[in-house]
Structures are given as C-alpha cells and as structure tokens.
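Contents: one structure, followed by commentary.
Nothing in this text is a laboratory measurement; each read-out follows from the coordinates by a stated rule. For clarity, every value in this text was computed on a predicted model and none was experimentally measured. Don't worry about glycine lacking a Cβ; one is built from the backbone with ideal geometry, like all the others, and counts go over all protein chains shown.
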Amino acid sequence: MSALLEVSGVSVSFDGFRAINNLSFSIGPTELRAIIGPNGAGKTTFMDIVTGKTRPDSGTVTWGEKGISLLKLSEAEIARAGVGRKFQRPTVFEDQTVAENLTLALKSPRGPLAALWFHLTGAGRQRVEELAAKVGLTDHLSRKAGELAHGQKQWLEIAMLLAQEPKLLLVDEPAAGMTLAERELTTAMLVDLAKSHAVVVVEHDMDFVRRLNCRVTVLHEGSVLAEGSLDHVTADPQVIEVYLGRG
Ligand SMILES: Nc1ncnc2c1ncn2[C@@H]1O[C@H](COP(=O)(O)OP(=O)(O)OP(=O)(O)O)[C@@H](O)[C@H]1O
C-alpha cells in the first residue's frame, strides 16, 4: 500500500528551539494511527505542518499518488486537496440546527449550474442525512447545535469535516471531556471512518488509544521515538522513561 501522506526528514525551529527534529512519518490511504507523546513533543506542530499553518525549515511533505508537495500549497489548497483537521474544542454554529450546520459545511459542486442542480434535486438534503447517520445524529437534525451534549457537538464537527470529503482526518484529543459512553461511540466511529479514510488521532488517554486498536506513533522532542502496537510501544524502556513513567 503506497502512502497517502509522507513526511520525510522534516525539521522546524522556533527562536532556535527545534520543535520538530528530522521527523519522518507516513500513513496509508485507509489507516488509523494514534500519535501519543509527552507535552511539547511536537504533536500539534506536526499537524500544523501537514495543514500548512507552519512551514518547516527543511524536509518534504508529499501527498497522494502523484506525490505532490504540500509545502507548495496554501492552507486552503491543502484542505481542498483532502486534509481535514478537527481541533480539540468543537467549533459548530451553536444557533444553527444540526442540519443547517451540515448544509453550511457541504462541499457544493463547482459552477452555478451544478450547484443549482445539487439544491433542486435534493442531493444536498440527502447528503446531510447521510452525514448525520454516520455520526449518530439522525434524530437530532432539527435541534440547535448549542443544545447538544459535548460528545454530540464533537460528532457534529466530525460530520462537518466529512462534508468536505477529506481523504485524511487529523483529530486532536477527541476523548477530552467525553463520558465513557461517548468515548466508546467515538472509538467505533473513528475505526469505521478509517475503513475509507486515513485517520490520525492525537490522544493522551491510553484507554481510548487501546480501544482504537491501531498502530501507535510515539513522538518525543520532535522525532519518532517508537512505533508499533500499543503493547509494543508501551513496553519500550525509552517510552516508559520519557512518557509513561511520569504519570
Ligand atoms: N509558534 C511557536 N513559537 C514558539 N514555540 C513553539 C511554537 N509552537 C510550538 N512551540 C514549541 O514547540 C514545542 C512543541 O510544541 P507542540 O505544541 O507541537 O507540542 P505537543 O506535543 O502538541 O504538546 P501538548 O501535548 O502539550 O499539546 C513546545 O516546546 C512548544 O513550546
């Protein structure tokens, strides 16, 4: 399986401090990956680089079968190429309904005629219903997003990301603030999404990572310290020393 995203030898410094240090990372087109690591390991900076928010000082970031360089694209172009990012705090429109939020997020077909056709045929409405079903919000379409529970808001935001038809989803600490039941549903959702997308989850909650049952990358001081199953990386003495042993 060739990689969808290939980060190779990437470094970036802020005021002389190397936040990312010769980092290499790749993910396939349908793969679930968890990224863990201590505070300041470079997890957020890694996502900032992939999404074009931060430009690295050196290294390459290539995307897709054609191996295009994401470093030459703007943030908006990277999003259009298929990289979606979910921040930790939900940013849904609280005064709009779930259906309205999803409609606003839809990727409309290009061109006025195609867009008109999309609306007249009800294709947009059908897509909104499909997206709501994917995240378990079918019964909440007419509710204001502000009335939803925290977990449901997070799921709505995931559906809004999916509305843009991304190939890669970067998801930052999805379990934070969720009840156990919400976490379990979120795990199932991410596992299901990874059947048709690449999904990278940054998460501190080890129980959550265990339930994801996927390959884990441990970052430390801006580089990959260990990679493999959760059992493999958590048995690594270096990982225990820099990350697990501190708790
Ligand atoms: N814009 C910036 N200017 C200066 N230093 C920065 C900047 N962004 C990140 N850093 C530094 O780079 C290092 C990596 O930060 P980053 O936020 O990527 O870590 P992280 O793994 O996401 O940590 P956390 O788990 O706490 O979110 C930290 O030491 C941070 O202080």
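Side notes on the structure shown:
- Compared with the alpha-carbon gap, the fully stretched path from Ser13 to Met206 is longer by 66.6 nm at 0.36 nm per residue.
- Ranked list, fewest to most other Cβ atoms within 10 Å of each Cβ, for Thr51, Thr138: Thr138, Thr51
- Against the main long axis of the alpha-carbon atoms of the chain, helix 180-193 sits at an angle near 90°.
- For the chain, projected area of the alpha-carbon convex hull averaged over all directions, nm²: 14.5
- Only helices enter the 222 nm calculation for the chain: every DSSP H run of n ≥ 4 contributes -39,500 (n - 2.57), and dividing by all residues gives -10000 deg cm²/dmol, rounded to 500.
- Kirkwood hydrodynamic radius of the range 24-71, from the reciprocal of the average inverse Cα-Cα distance over all distinct pairs: 12.1 Å.
- Chain lengthening between Glu129 and Glu77 when straightened (0.36 nm per residue, less Cα-Cα): 16.0 nm
- Taking the fewest neighbouring Cβ atoms within 10 Å as the starting point, the ordered list for Phe87, Phe46, Phe14, Phe25 is Phe14, Phe87, Phe25, Phe46.
- Qualifying trypsin sites (Lys or Arg not before Pro) in the range 13-115, DSSP loop, other Cβ atoms within 10 Å at most 10: Lys66, Arg110
- Between Ser2 and Thr54, the simple label model (points 7 Å from Cα in the Cβ direction) yields a spacing of 3.0 nm.
- Degrees between helix 123-134 axis and first principal axis of the chain (Cα, 0 to 90, nearest 10): 50
- Span from the the range 190-247 Cα centroid across to the the range 134-185 one, whole angstrom: 22
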